[in-house]
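Take a look at the structure below.
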Amino acid sequence: MTERGLPTFDQLQIFLTVVESGSFAAAGRRLNRATSVISYGIDNLEAQLGVTLFERDATRRPRLTEAGEAVLAEARAVRDGVDGLRAKVRGLLGGLEAEVRLAVDVMLPATRLGAALRAFREAFPTVSLRLSVEALGAVSGLVLERRAMLGVSGPLAVECEEMARIAAGRVRMIPVAAPDHPLARADALAPGAARDHIQLVLSDRSPLSEGRDFAVTSPRTWRLADLSAKHALLREGIGWGNMPEEMVKGDLETGALIRLAMPDDPVHLYPLYAIHRRDAPPGPAASWLLRRFVEQGDED
């Protein structure tokens, strides 16, 4: 088979304009070109591709052939890709980041994260995003190591001269256990009762906050590096632990988990902070996203 030539972007643009406007003449008016130029462009494109794109009839509007229908989807994809490239370059020339690298604490409610990122996508459609979800001090670690431009960290955010942080709300943490756990079966819990049972605790994979705990009251602990694993073990009745209220709301409604009424263990509020390195202030898109997280916190 003879190798065909490569269509130009202008030829594809002419083809798409004919399809969208309904005729060669209408395409000419839209592109400010003579009808003969439009016809010539389509002829050249058909010659380049080796297929007939339109059924031509002087008495009717041009209709796409089967091959034309197949080419149409690819031509639109090429046009959209070029439009996206142009938009990205315009953003880069205007100082907009090509990519935002974000690290968030695993305790950040999924609804809050989803709402922020959905709005970010709509506001900055040309900016890519790379998301890391970590626990405790690991979020600060990614930001300090410049592997993330900004983060949403919990209370173990590293406090140092290199880091800037802004309050970004709180997460309500509640103690829970499976319905067959001794703490859940008790009619009333005496002060200190939880200390006699295994507490499931989220551990830190970062050395930045090694040795620091949040809301650990029992000397008997199982430490896990994954919040989903902690959730699963709680449902199995292996121990009790504090969980983000939003994350276990469904379990409380179905009875898969029971909220524990501990007289000596009040509800914990897990503070969140938007963070970034002082010597690497976020660009336009990252700054917008940082403000979004702070505004969400103000709504708490």
Subject >> Ranking by accessible area, most exposed first, for S21, S218, S128 with a 1.4 Å probe >> reply: S128, S21, S218
**OP:** Return the distance in nm (one decimal) between the two label points of a simple spin-label model at A225 and V51, each offset 7 Å from Cα along Cα→Cβ.
**Re:** 5.1
Subject >> Solvent-accessible area per residue for region 130-196 (1.4 angstrom probe, square angstrom) >> reply: 46
Original post:
Rank L136, L144 by accessible area, highest first, at a 1.4 Å probe radius?
Top reply: L144, L136
Original post:
Taking H as built 1.01 Å from N, whose amide H comes closer than 5 Å to the amide H of V104, not counting residues under 5 places away?
Top reply: S132, V133, E134, V152
**OP:** Determine, for each peptide in 22-29, 10-17, the mean count of other beta carbons within 10 angstrom over its residues, then list the peptides with the highest first.
**Re:** 10-17, 22-29
Subject >> Given charges at beta-carbon only (K, R positive; D, E negative), |dipole| of the chain in Debye >> reply: 780
**OP:** Can you tell me the order of 248-256, 223-231 when each peptide is scored by its average per-residue count of other Cβ atoms within 10 angstrom, highest first?
**Re:** 223-231, 248-256
**OP:** Heavy atoms only, probe 1.4 Å: what % of the accessible area of the chain goes to carbon and sulfur, would you let me know?
**Re:** 51
Original post:
region 33-79 to region 221-250: how many Å between their Cα centroids?
Top reply: 60
**OP:** For mean projected area of the Cα convex hull in nm², several values are listed as [x] 24.2; [y] 21.2; [z] 14.8; flag the one computed from this structure.
**Re:** [x]
Subject >> Evaluated over region 101-168, the Cα radius of gyration and Dmax, each in Å >> reply: 12.1, 34
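The values are calculated or read from the model by the stated rules, or taken from the named source; none is laboratory data. A quick note: this is a predicted structure, and the numbers were derived from the prediction, not measured. Here the Cβ is made from the backbone with ideal geometry for all residues, glycine too, and neighbour counts use every protein chain on show. Accessible surface is based on the protein model in full, side chains and every heavy atom, while ligands, DNA and RNA are left aside. Shrake-Rupley method; radii C 1.70, N 1.55, O 1.52, S 1.80 Å.
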